Amino acid sequence: MKIVFLDAATLGDVSFSPIMELGELVCWQTSTPAEALERVSDCDVLIVNKVKVTRELIDAAHALKLICEAATGVNNIDLEYAGARGIPVRNVAGYSTESVVQSTFMHILSLVGQLPYYDWKVKTGRYSWSGLFTDVSRPFFELSGKTIGIVGMGTIGHRVAEVAGAFGMKVIYYSTSGTSHCTDYPSVPLDRLMAESDVVSVHAPLNGRTSGLIGKAELALMKPHAIIVNMGRGGIVDEAALAEAVDNGTIAGAGMDVYTEEPMNVKNPLSLAKHQERLSLTPHTAWASVEARKRLVDMIAGNIAAFLSEENRS
């Protein structure tokens with residue numbers, strides 16, 4: 001059995017040995033659409049992360065029996081056509097929860113604690129020359145007693161809420177699905193969440209309900225000292241409106257790990273914002289702890305093994 005991974009570079013230096021035990025694994029670091037068409041011609045199992053699996057690509061894979069998504073979201077795969085061809089699609093879920101939650105608070109704590117400024121102050125020698133034992137020129141507030149508003153109370157959002165509780169924060173949330181399944185915390189309308197929260201944390205998928213969900217009007221409702229972080233998907237928060245809100249002091253800052261276009265376009269409004277010190281930006285890494293990537297590979301291997309077991313029984 002031949003297994004082809006079209007964009008293995010997205011998983012970094014993780015070992016693929018659990019998958020290699022199941023068949024002949026061919027890893028391509030990256031694949032253009034044209035290269036992908038050639039590389040799938042004789043594969044039985046196709047693994048992709050961000051490569052688009054179109055009708056044309058599926059037709060080019062004459063022996064294809066299974067598509068494995070190396071992520072949770074499957075919006076890069078033509079599910080309808082794969083289904084029509086009788087080719088199952090298997091994704092992975094829950095592998096990155098702790099990694100994303102940790103990254104969320106990395107951004108929150110850095111922004112709230114003014115970490116980039118104070119780090120710069122010490123490393124440039126300005127603290128040494130100041131004559132004072134401390135520097136309180138950039139005030140920071142405690143999370144304890146503050147409100148965190150979580151947009152999307154799924155598995156990750158709920159875990160963020162638990163950690164926020166450990167900091168002594170009050171938790172409210174907005175259900176992006178329109179159904180408030182979680183009864184552990186108060187569900188509120190989006191405008192109320194934006195107005196009441198000291199920290200807004202986005203953990204939602206990108207779909208028709210969430211695209212452009214937070215724009216200029218929603219950001220204008222926030223407190224001047226409040227921050228927003230988006231660990232969900234690019235396109236949920238209007239990047240131009242966010243850059244303007246940060247530069248104008250409408251909000252105190254923003255942390256972003258996901259962008260409308262990835263990798264981020266050099267002309268992205270966030271790249272051009274004047275007050276870069278108010279931004280905490282990472283290149284879509286929140287999911288990618290060492291442990292999370294290992295779990296991801298193990299789960300992909302599990303999906304392939306389960307498929308082979310089902311095939312052998314039939």
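The values are calculated or read from the model by the stated rules, or taken from the named source; none is laboratory data. In this text the structure is predicted, and so the values were computed from the model without any measurement. Please note: Cβ atoms are built from the backbone with ideal geometry, for glycine as well, and neighbour counts cover all protein chains shown. The area values use the complete protein model at the heavy-atom level, side chains included, leaving out ligands, DNA and RNA. Shrake-Rupley method; radii C 1.70, N 1.55, O 1.52, S 1.80 Å.
Give me the percent relative contact order of segment 239-287, please, defined on Cα pairs under 8 angstrom at least 6 residues apart.
Once normalised by length, the contact order is 50 percent.
Please work out how many pairs of lysine residues in segment 1-132 are eight or more positions apart (or on different chains) and have Cα atoms closer than 29 angstrom.
Final tally of qualifying lysine pairs is 5.
In segment 9-93, carbon and sulfur make up what percent of the accessible area (probe 1.4 Å)?
53
Using the Karplus curve 6.51 cos²θ - 1.76 cosθ + 1.60 with θ = phi - 60°, work out ³J(HN,Hα) for each residue of segment 266-271 in order, rounded to whole Hz, and write x for Gly and Pro.
Per residue, the Karplus-derived 3J(HN,Hα) values read 4, 9, 4, x, 5, 5 Hz.
Tell me, what ³J(HN,Hα) does each residue in segment 249-259 have, in order and in whole Hz, if you take phi through Karplus 6.51 cos²θ - 1.76 cosθ + 1.60 with θ = phi - 60° and put x for Gly and Pro?
Calculated HN-Hα couplings, in order: x, 4, 10, 7, x, 8, x, 10, 10, 10, 9 Hz.
Per residue, how much accessible surface does segment 203-255 expose to a 1.4 Å probe? Answer in Å², no decimals.
Details: 1930 Å² over 53 residues.
For segment 203-255, the solvent-accessible area averages 36 Å² per residue.
Which residues among segment 244-263 fall inside the zone where the amide N is under 19 Å from a point 7 Å beyond the Cα of residue 119, along Cα→Cβ?
The answer is 253-258, whose backbone nitrogens lie closer than 19 Å to the label point.
Search the structure for amide H atoms under 5 Å from the amide H of residue 47, placed 1.01 Å from N in the peptide plane, and list their residues when 5 or more places away or on another chain.
Distant-sequence amide H within range of residue 47: 4, 5, 6, 68.
How high is the relative contact order of segment 145-280, in percent, with contacts defined as C-alpha pairs under 8 Å that are six or more residues apart?
20
Using the Kirkwood formula over every pair of different C-alpha atoms, what hydrodynamic radius in Å results for segment 233-314?
Working: mean 1/r = 0.0652 Å⁻¹.
For segment 233-314, the Kirkwood estimate is 15.3 Å.
Please list the radius of gyration and Dmax for segment 96-180, considering alpha-carbon atoms only, with Å as the unit.
Looking at segment 96-180, its Cα Rg and Dmax stand at 16.9, 57 Å.
Can you give the net charge of the other residues whose Cβ lies under 13 Å from the Cβ of residue 291, counting K and R as +1 and D and E as -1?
Working: positive: 293, 294, 295; negative: 98, 298.
Result for the neighbourhood of residue 291: +1.
Name the residues whose placed amide hydrogens come within less than 5 Å of the amide hydrogen of residue 273, ignoring near sequence neighbours (fewer than 5 apart) on the same chain.
Under 5 Å from the amide H of residue 273 lies no amide H from a residue far enough along the sequence or on another chain.
With a 1.4 Å probe and all protein chains in place, put 16, 133 in order of accessible area, largest first.
So, going from the largest accessible area down, we get 133, 16.
Taking the solvent-accessible surface of protein heavy atoms with a 1.4 Å probe, what is the per residue accessible area of segment 1-154 in Å²?
Computed with neighbouring chains in place, this is 51 Å² per residue.
So if I take the alpha carbon set of segment 164-216, get Rg, then get Rh from the Kirkwood formula, what is the Rg over Rh ratio?
In segment 164-216, Rg relative to Rh is 0.95.
With 16 Å as the cut-off, how large is the P(r) tail for segment 22-114, expressed as percent of Cα-Cα pairs?
Tail of the P(r) past 16 Å holds 60 percent of the pairs.
Before anything else, pin down the relative contact order of the chain: Cα pairs under 8 Å, at least 6 apart, normalised by residue count, whole percent.
Relative CO of the chain lands at 17 percent.
Read phi for every residue in segment 199-213 and hand back ³J(HN,Hα) as whole Hz from Karplus 6.51 cos²θ - 1.76 cosθ + 1.60, θ = phi - 60°, with x for Gly and Pro.
Residue by residue, segment 199-213 yields 10, 10, 10, 9, 9, 10, x, 8, 8, x, 7, 10, 4, x, 4 Hz.
Can you tell me which of 101, 199, 14 moves the most in a GNM of the chain? Springs connect C-alpha atoms under 10 Å apart.
Highest fluctuation among the options: 14.
Nearest 500 deg cm²/dmol is fine: what mean residue ellipticity at 222 nm does the chain get from its DSSP H runs of n ≥ 4 alone, each adding -39,500 (n - 2.57), divided by its residue count?
So the helix-based figure for the chain works out to -10000 deg cm²/dmol.
Note down the Stokes-Einstein diffusion coefficient of the chain in µm²/s, whole number, using a Kirkwood radius over alpha carbon pairs, 4 °C, and 1.567 mPa s.
61
What lysines sit close enough to residue 223 to cross-link, taking a C-alpha to C-alpha distance under 22 Å and skipping anything fewer than 8 places away on the same chain?
146, 170, 274
Tally up the carbon and sulfur contribution to the accessible surface of segment 192-280 as a whole percent, 1.4 Å probe, everything protein left in place.
Details: 1960 of 3670 Å².
The value for segment 192-280 is 54 percent carbon and sulfur by accessible area.
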